[in-house]
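First comes the structure, then the notes that go with it.
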Amino acid sequence: VLGGSGYAGQELARLLAGHPELELAAFMGAREGSGRHPAEEAASSARARAAEPLDWARVGDAEGVFLCTPHAASAPLAARCLELGVKVVDLSADFRLRDAALYERVYEHRHPRPELLGEAVYGLTERARERVAKARLVANPGCYPTSVLLPLLALLDAGLVDRARPVVADCKSGLSGAGKTPSERTHFGNVYENFCAYGVGSHRHGPEIRQECGLRDLVFTPHLLPAFRGILSTLYVAAAAGARAADLRAALARAYAGERFVRILERGLPDLRAVQLTNECRIGLADATDSAESGGTVVLVSVLDNLVKGAAGQALQNMNLMLGCEESAGLA
Ligand SMILES: NC(=O)c1ccc[n+]([C@@H]2O[C@H](COP(=O)([O-])OP(=O)(O)OC[C@H]3O[C@@H](n4cnc5c(N)ncnc54)[C@H](OP(=O)(O)O)[C@@H]3O)[C@@H](O)[C@H]2O)c1
């Protein structure tokens with residue numbers, strides 16, 4: 001694990017400690033000189049696992065590397081890992097957008113390694129299993145996109161969405177989604193007993209969601225919850241002519257039958273607590289189509305833990321496939 005000192009890296013340490021097949025060979029910072037020596041761990045008051053200084057010789061001995069680093073920093077690290085013959089799951093956004101020009105517009109800097117974009121596989125595991133298993137480089141999806149795309153792609157595949165009308169993704173995240181470095185917005189004093197929308201029309205996950213679902217008319221609005229972990233996304237979807245909520249629920253149940261980490265509720269709507277610390281995405285539907293005022297709009301609620309299914313858990317699902325382990329190993 002590189003970038004071990006951040007939230008996603010710490011979550012991977014927690015998951016890998018219970019993995020039956022993989023051994024955590026190196027848990028490191030990702031910048032030269034960063035990280036602490038294990039001997040310093042005892043002096044730390046935090047329960048966090050200390051990240052060791054970056055040591056490329058040991059990275060080269062690994063079979064796979066998780067990059068838990070910010071965009072722009074990840075791409076050069078990925079390139080170096082690949083040169084060393086090590087498979088990479090990158091948790092950052094560096095390889096999620098296929099078009100380098102779009103990446104440059106959205107992330108406001110040139111792509112550090114555009115030549116790798118062609119081979120990176122977008123690792124929404126349930127939708128890309130075979131390609132992930134063969135990949136050297138997997139772009140782990142964003143947390144908001146995972147919560148939106150799992151229900152939406154299955155409904156689009158089933159032809160149950162009226163593509164002429166907008167889809168609204170109204171999403172709320174706990175503040176761990178913003179990483180460990182505090183800002184004015186994520187400061188306790190601003191988050192406690194408060195609730196706000198942010199990044200309206202400009203959040204970087206919007207282009208990622210639109211790229212993957214192919215819908216131009218998709219409104220994505222993120223909100224900051226006064227909670228540490230979890231995402232709850234409310235989707236407003238215009239059902240195709242004649243389709244009702246029950247048809248959409250049946251299509252989702254068919255699409256994800258037998259999936260260990262996607263659960264379609266037969267009734268009721270999921271909440272955050274149901275999925276915190278798990279790798280599950282739970283999806284429920286409200287039967288709004290059955291009421292006269294709905295105008296054919298179905299309301300779906302999709303929840304997941306942003307640090308697990310939205311980051312480290314899905315990354316481990318992908319790494320398991322890439323290294324030939326049981327997909328759910330370490331995620332039970
Ligand atoms: N948090 C989430 O819910 C979530 C969900 C999905 C994806 N992600 C993505 O996963 C990655 C890690 O997220 P996080 O929440 O764990 O972030 P974080 O808590 O801010 O941790 C970032 C990690 O990257 C290291 N780092 C920072 N700048 C660096 C640089 N220029 N070069 C090398 N290393 C650097 C930090 O090391 P130092 O300790 O030395 O600063 C730290 O280990 C990000 O790309 C993020 O977008 C996060």
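The listed residues are 219, 275, 303, and the only one of them that is more than 16 Å from the ligand (Cβ to nearest atom) and among the β-branched types (Val, Ile, Thr) turns out to be 219. For the range 53-79, residues that are more than 12 Å from the ligand (Cβ to nearest atom), open to solvent by 30 Å² or more (accessible area, probe 1.4 Å) and not aliphatic (A, V, I, L, M) total 5.
Does the range 277-296 include one or more residues that are under 20 Å from the mean Cα position of the chain (by Cα), open to solvent by less than 40 Å² (accessible area, probe 1.4 Å) and over 14 Å from residue 151 (Cα atoms)? So far as the range 277-296 goes, yes, one or more of its residues are under 20 Å from the mean Cα position of the chain (by Cα), open to solvent by less than 40 Å² (accessible area, probe 1.4 Å) and over 14 Å from residue 151 (Cα atoms).
From the residues in the range 1-14 that are farther than 12 Å from residue 66 by Cα and either more than 8 Å from the ligand (Cβ to nearest atom) or outside any loop (DSSP other than H, G, I, E, B) (or both), which one is least open to solvent (accessible area, probe 1.4 Å)? For the range 1-14, the residue satisfying everything is 7. Of the residues examined, residue 163 is one that is open to solvent by 20 Å² or more (accessible area, probe 1.4 Å), away from the ligand (no atom under 16 Å from the Cβ) and either closer than 21 Å to residue 261 by Cβ or part of a loop (DSSP other than H, G, I, E, B) (or both). Of the residues screened, residue 101 is not one that is surrounded by 21 or more Cβ atoms within 10 Å (Cβ to Cβ), over 15 Å from residue 309 (Cα atoms) and away from the ligand (no atom under 14 Å from the Cβ). Contact annotation: residue pairs with Cβ atoms under 6 Å, 6 or more positions apart or on different chains, pairing a residue in the range 53-71 that is without any contact (Cβ under 8 Å) to a residue 40 or more places away in the chain with a partner that is of a type in the set (Gly, Ala, Ser) and away from the ligand (no atom under 16 Å from the Cβ), are 62/25.
Annotation note: of 110, 131, the sole residue that is in contact with a strand residue (DSSP E or B) (Cβ under 6 Å, 6 or more places away or on another chain), outside any strand (DSSP E or B), at pLDDT 95 or above and among the charged types (D, E, K, R) is 131.
Within the range 172-195, if we keep just the residues that are within 22 Å of the chain's Cα centre (by Cα) and β-branched (Val, Ile, Thr), the residue that is least open to solvent (accessible area, probe 1.4 Å) turns out to be 186.
Let's see how each residue does on (1) loosely packed, with under 15 Cβ neighbours inside 10 Å; (2) in a helix (DSSP H, G or I):
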site	(1), (2)
200	yes, no
207	no, yes
210	no, yes
236	no, no
242	yes, no
254	yes, yes
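Residue by residue, here is whether (1) touching a residue at least 60 places away in the same chain (Cβ under 8 Å); (2) out of contact with any Lys or Arg (no Cβ under 9 Å at 6 or more places or on another chain); (3) of a type in the set (Asp, Glu) holds:
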site: 245; (1), (2), (3): no, yes, no
site: 275; (1), (2), (3): no, no, no
site: 283; (1), (2), (3): yes, no, no
site: 287; (1), (2), (3): no, no, yes
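Residue count for the range 166-193 under the criterion of being part of a helix (DSSP H, G or I) and within 11 Å of the ligand (Cβ to nearest atom): the result is 4. Looking at the range 15-37, which of the residues that are open to solvent by less than 60 Å² (accessible area, probe 1.4 Å) and at pLDDT below 90 is nearest to the ligand (Cβ to nearest atom)? Taking the candidates together, the pick is 34.
So which of 169, 158 ends up being on the phi < 0 side of the Ramachandran plot and open to solvent by less than 30 Å² (accessible area, probe 1.4 Å)?
After applying the criteria, what remains is 169.
The values are calculated or read from the model by the stated rules, or taken from the named source; none is laboratory data. Owing to the predicted nature of the structure, the values given are computational and were not obtained by experimental measurement. In this analysis, Cβ positions are derived from the backbone assuming ideal geometry, glycine residues included, and neighbour counts consider all displayed protein chains. These area figures cover heavy atoms from the full protein model, side chains too; ligands, DNA and RNA do not enter into them. Shrake-Rupley method; radii C 1.70, N 1.55, O 1.52, S 1.80 Å.
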